[in-house]
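Before any comments, here is the structure.
Here, each number is a calculation from the coordinates, and none is a lab measurement. These figures come from a predicted structure and were not determined experimentally. Here Cβ is always computed from backbone atoms with ideal geometry, including for glycine, and neighbour counts include all displayed protein chains.
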């Protein structure tokens, strides 16, 4: 594609918001006729300022035949105030309904959408122990819905809607409204909303990613090896692993796209077979703090050393959530040009960052990245090497300077990514 | 008091919002140290636009020692969209957590606050059957918390925060921001926030109302009689009735003020002993519709005829909720000058309307308006004549043209209100 001019001018028009909403509803969460939709702001950061976009999403969901749209907003200012001032004993004891409401929707097979507009540094300076206490309590309660989400038991998706607070972190030298306009235009470009027919553009793009994933699965690599500045690692892959990408298929047999945008193919590492050192190439938001300059050292799959130039305590708290938080649940490859990359924007949001760079996730593996994994228990999956945890957090390590190789059972290697492009 | 100039100028300052929030927290809901606070927007209409005030309330609640503040916002545009577009079968089947979350807080003895900024005509033109289907389903589910609220089992309160949508109904000729500024100034005046020490002003005012209520209880009237244009009614009072007013005392023995402002004294009518005709003197909002020009005709306590010049279907739907919705649960007397009356504003919101005019409520009686009622079962209360229902809706019939008399067991009468002022 040609040179893209991002972010001159005004906030998106109602027509642009409506087109983006339609894309999110039809291709992303893919609401089925007669299905209820939950937009879960507590889990996902649907700030009050996302309301104009969320209203378009709700209208699009009813257009698609959705039966009921339930929206829970998150007041970001109150979230921060709560973490600052809530009683210590209340942190690990949230109201039961508040901690658990997504479970009801997950068990009913409702569609679930995250609309994220959160300030990536919302909780900057708040004690990480306080944030961890509440987050862990809610995470434990949401194990039911998290497991169903990760199995694609129903259609779900994650999309973003810029807010002034988020945009001002990305473009700190701009006035909030100007920053918001710039970030909106970057998001709409990354999501191909400016294409003549965004829905058709996505269907075609998703088909290409699905094809790439199928080819990788067929090659039956036992490991990936990555090498670059500060990075020298072998990431063993789980037995019977399957590559995913280009959207997913829910238990009802119908497609949906868990992320918009998506540019990755991904699979399950083996939880015991990761060795070496990985250096981050992008900042990562962990529970309202930005972690920068991280390096992880692995031995037999376990993170034995984790350092960061900024936000190290937030990283350590996350890794301390449970045993699985110190092991990998996903490895993803991202290559070549994409609208997301064209924006040149550092979004400070995993949805975009993970689509411009190869990454791993610490924490739980997707059952669908193991053959017939959707119906296998977590202990069966673990025997294949697929990791389990309450957390799943993407950490970006890819760059044009990091090459990636596929390793076969006999030790031979094929180049996969060279200078940031697919080798084959 | 002197002439009051309402609503010139700007939106309230942060200092004014903070003072109002402190009043609501310390005198209204009176958050106890260590207590959790629920601000329930689904039941009460905490529009997204109320957020700036709600954040002050949350800060004041933590200042008062509150342990956790849980806020559920209501997106008014989505509420209307849902009623317009939701599937018919979904209307009476809301998500279980959504319908029931206040019950958990009520059973835990949390403080509960309504912050209402809703558009009084939000649902204008939506089929009343659709609104009734969902409202009845949620009401049935919330019977637990409603009963605990009406018994003052814990401290709760209801306050308002103007929004552009509400203000534009009240001042339709003004620009939204100007209308919002005017309505805010009226609300702050009605709530005595401009007093030198609003908390002290309220404590003194509440004590006067409590005194008035005690005097009325001591007089042991068996009925009230009201007479004026279109109104000729005798409202029998429940056996062992007690007059309330000037705030309440929760089961923990500590005071709170269920409404700010409050200018009323009130008690329980006898559910079987109301005879005659009552003509409304103010419009009333019923489920997002304004009902105007209503007249009710009673026989043996039952409403046998209900007419309205506008919104009659909404009124009829409400009265059809259950058997108790066609009988009275409250009669309240309001007299004399008050800051609310001084504003001269028709707020189109019951919290203010009920404090400028005598009113009745159709539906449930407050157990605390029967001697020792807090601990009596609903069937015991009913034997005293106290009504029960899923609903409780205030209907204003007072004016300077309607005089009110207290009727003794021997048939003799004392004038109570003459030309809108207390006779004694």
Exercise. Once both labels are modelled 7 Å past Cα along the beta-carbon direction, what's the residue B:337-residue A:401 spacing in nm?
Worked result: 7.9
For this session: Name the residue, out of B:187, B:222, B:31, whose mean-square fluctuation peaks in a Gaussian network model built on chain B with Cα pairs under 10 Å.
Result: B:222
Seminar exercise, completed: Residue span residue B:322 to residue B:275: 0.36 nm per residue of separation minus Cα-Cα distance leaves a gain in nm of 14.9 nm
For this session: Would you mind telling me which residue in A:285, A:234, A:14 has the biggest mean-square fluctuation in a Gaussian network model of chain A, where springs connect alpha carbons within a distance under 10 angstrom?
Result: A:14
Problem set entry | For region B:19-77 versus region B:320-351, the gap between their alpha-carbon centres in whole angstrom | 24
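Mind checking the full-extension length gain between residue A:305 and residue A:408? Use 0.36 nm per residue of separation minus the Cα-Cα distance, one decimal, nm. Display every interim value, and only then the final one.
Numbers: separation 103, 0.36 × 103 = 37.08 nm, distance 2.78 nm.
Stretched fully, the residue A:305-residue A:408 segment lengthens by 34.3 nm.
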Exercise. How far apart, in nm, are two points set 7 Å out from the Cα along the Cα-to-Cβ line at residue B:220 and at residue A:11?
Worked result: 6.5
Problem set entry | Label geometry 7 Å along the beta-carbon vector: residue B:92 inter-copy distances in nm | 4.5
For this session: Would you please classify the overall shape of region B:169-327 from the alpha carbon gyration tensor, given that a ≥ b ≥ c denote the square roots of the eigenvalues, rounded means a/c under 1.5, and beyond that prolate means a/b larger than b/c while oblate covers the rest?
Result: oblate
Exercise. For residue A:254 and residue A:96 in one chain, what is 0.36 nm times their gap in residues minus the Cα-Cα distance, to one decimal in nm?
Worked result: 53.6 nm
For this session: Sort out for me the Cα centre separation of region A:365-424 from region B:283-302, rounded to whole Å.
Result: 66
Exercise. How many nanometers, to one decimal and shortest first, lie between the label point of residue B:137 and those of its other copies, if labels sit 7 Å from Cα toward Cβ?
Worked result: 3.1
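How much FRET efficiency would the formula 1/(1 + (r/R0)^6) give for residue A:374 and residue A:232, where r is the Cβ-Cβ distance and R0 is 35 Å, rounded to 0.05?
Working: r = 35 Å, r/R0 = 0.99.
About 0.50, to the nearest 0.05.
Is the shape of region A:14-190 best called rounded, prolate or oblate, per the rule: a/c under 1.5 gives rounded, else a/b larger than b/c gives prolate, else oblate, with a ≥ b ≥ c the square roots of the Cα gyration tensor eigenvalues? Please list the in-between numbers first.
Details: a/c = 2.28, a/b = 1.07, b/c = 2.12.
Oblate is the answer for region A:14-190, as a/c is 1.5 or above yet b/c matches or exceeds a/b.
Which of rounded, prolate or oblate describes chain B when judged by the alpha-carbon gyration tensor and an a/c cut-off of 1.5?
Values: a/c = 1.28, a/b = 1.18, b/c = 1.09.
Rounded, because the longest to shortest axis ratio a/c is under 1.5.
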Exercise. From the label point of residue B:276, set 7 Å from Cα along Cα→Cβ, how far away are the matching label points in the other copies, in nm, ordered shortest to longest?
Worked result: 9.1
